1. Between the range 91-112 and the range 34-59, how many Å separate their Cα centres?
2. From largest to smallest, what semi-axes in whole angstrom does the range 106-158 give when each is the square root of 5 times an eigenvalue of its alpha carbon gyration tensor?
3. Got a sec? What order do Arg49, Arg75 fall in by accessible area at 1.4 Å, biggest, i.e. largest, first?
4. Counting just the Cα atoms, what span does the range 51-141 cover along each of its three principal axes? Round to the nearest Å and put the largest first.
5. Starting from one equal scatterer on each C-alpha and no solvent at all, send me the Debye-based log10 I(q)/I(0) for the range 37-77 at q = 0.23, 0.26 Å⁻¹, two decimals.
Amino acid sequence: MKRSCWIVIIALLSVQLPAMSRNAVAAEPEQVEVPAGVGAITVKITGLRSSDGNLSVALFNAKKGFPGKYDRAIRKAKTPAAGSAHVVVFGDVPYGTYAVAVQHDENGNGKLDANFLGMPKEGVGTSNNPKSKFGPPSFDDAAFVLDRKSVELTINLRYL
């Protein structure tokens, strides 16, 4: 009789344990996807040789089009070159890797003027202020990571 009681108890436990573990799994909270963060990129522009014209600032998130094809930028801004402080802020930018390009359109014709060799006659600059090589800097040379609420850059314009 004792033996049959133990058999019944073991049989009941073996049926109940899998059911309890299934219930435990179902009771676990669902995984909630955390949204990516957003931040602001503040661009300070220095080294202007004149207060004529406008400054065009472009924010890129890929190599394609950087630094000269502003139509491929994800954000663009234009500000007058007049005055002493030149600051552009890109707000609500998703965390990620970016590069910034700046052009000083001194004569206000809406484009970057170049000489017969293709070298810019007007001021240019990019994030990280990479040393000049032959040609414009690469996206990788100018890239920075936005991974917090605010990133501040200072871009020094160069004139050839």
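1. 6 Å
2. Values: eigenvalues 128, 42, 14 Å².
Semi-axes from the Cα gyration tensor: 25, 15, 8 Å.
3. Working: Arg49 135, Arg75 75 Å².
So the residues, ranked largest to smallest area, are Arg49, Arg75.
4. The Cα atoms of the range 51-141 stretch 35, 31, 23 Å along their principal axes.
5. Values, matching the q order: -0.91, -1.01.
The values are calculated or read from the model by the stated rules, or taken from the named source; none is laboratory data. Quick caveat, the model's predicted, so the values are computed rather than measured. Accessible surface areas use protein heavy atoms only, side chains included; no ligands, DNA or RNA. Shrake-Rupley method; radii C 1.70, N 1.55, O 1.52, S 1.80 Å.
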